[in-house]
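Reading through the structure tokens given below for one structure.
The values are calculated or read from the model by the stated rules, or taken from the named source; none is laboratory data. What you are looking at is a predicted structure, and each value in this text was computed from that prediction instead of being measured. Here the Cβ positions follow ideal geometry from the backbone for every residue, glycine too, while neighbour counts run over all protein chains shown. Accessible surface areas use protein heavy atoms only, side chains included; no ligands, DNA or RNA. Shrake-Rupley method; radii C 1.70, N 1.55, O 1.52, S 1.80 Å.
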Amino acid sequence: MERNVFSRLLSGIRRLLKQRAGAPGEQHVGDMADDVDSLKEKVSQGKLPVHVGIIMDGNGRWAKRRGLPRLSGHAAGGRKAEEIVKFAQDVGIKHITLYVFSTENWRRPKDEVDGLMNLLVDMFEKRFDDLVNYGAKIRIIGRRDRLPHNVLRAIMNVEERTRTNSRISVNLAIDYGGRDEIKRAFQRLAKKAALGEISPDDIGEEDISSHLDTSGVPDPDLIIRTGGEKRISNFLIWQSAYAELVVTPVLWPDFSRQDLLMAISEYQQRDRRFGSV
Ligand code: IPE
Ligand code: IPE
Ligand code: MG
């Protein structure tokens, strides 16, 4: 009898804890201050990835689970990006590349694309002020010829305002596709060859790297994908030749500081052989 009351009490507490964690069916609990501090301590004693790339996926599903429009998922994702960049800087990451909008994302409904572009302008004009003061050097990678004028203006402004910052370099991939980036690098190299500035036979891997949008940034050591899909979706395909991949089912707006530390910790346990033994 007593056992029965006890187990009902226990399951009631479990139910309450689950409800506090987020939307129905969601198990993810986010940050626990103590866990974050101890994990951060542990991670900081190991070898940190110099460059972390993040495929921030799952905004739409996050919103859908809450019965909200997809755009509110993107807004939550934008706030999350700011939080994670600051925390990455705090942990000691030197370069971070965030996949914001792919060359394929233009296929989405016009309302969503327009909404995303407006969110970007909003973020650059208001929310990123903090990052500017924080010492983040922001650089946009991707095509610039298809972006709306107000986005382009905001991008150029934020790049200019953060040009001399050096605490962390933040690459934002907007209208970015790895194949498109390689194609543009090839075009530039081919033009130089046609002008006789370089000989085709002398083109090395370093020349290709230095003609990409990420020129000067070391290749990513770690690529994190949220939202559970096990694919690269045209992100840094040349640069990620030897990156370690960590896929988490956590949807991007729920991604916590603890999740970042856990991904880095997983990276630290990998044996990076680079083809050797
Ligand atoms: C990623 O979230 C953000 C962008 C691609 C702009 P999604 O919008 O792809 O979210 P899901 O995958 O539909 O949940
Ligand atoms: C990848 O997410 C692009 C970004 C996170 C910006 P997608 O949602 O577009 O990727 P797929 O379509 O599932 O491969
Ligand atoms: Mg997606």
query: For residues in region 206-227 being farther than 30 Å from Ala63 by Cα and under 15 Å from the mean Cα position of the chain (by Cα), which is least open to solvent (accessible area, probe 1.4 Å)?
result: Thr214
statement: Per the list (1) within 16 Å of ligand 3 (Cβ to nearest atom); (2) surrounded by 19 or more Cβ atoms within 10 Å (Cβ to Cβ), residue check on Arg65 breaks on (2)
- line: Of the listed residues (Lys230, Lys191, Lys183), the one being within 16 Å of ligand 3 (Cβ to nearest atom), open to solvent by 50 Å² or more (accessible area, probe 1.4 Å) and out of contact with any Lys or Arg (no Cβ under 9 Å at 6 or more places or on another chain) is Lys230
query: Can you find even one residue in region 171-180 that is free of Cβ contacts under 8 Å to residues at least 24 places away in the same chain, among the polar types (S, T, N, Q) and open to solvent by less than 60 Å² (accessible area, probe 1.4 Å)?
result: no
task: State whether one or more residues within region 264-276 are modelled with pLDDT of 95 or more, aliphatic (A, V, I, L, M) and in a loop (DSSP other than H, G, I, E, B).
output: no
task: Check Lys86 against each of (1) out of contact with any Pro (no Cβ under 8 Å at 6 or more places or on another chain); (2) within 16 Å of ligand 1 (Cβ to nearest atom); (3) closer than 17 Å to Met123 by Cβ; (4) open to solvent by 10 Å² or more (accessible area, probe 1.4 Å) and name the one condition it does not meet.
output: (2)
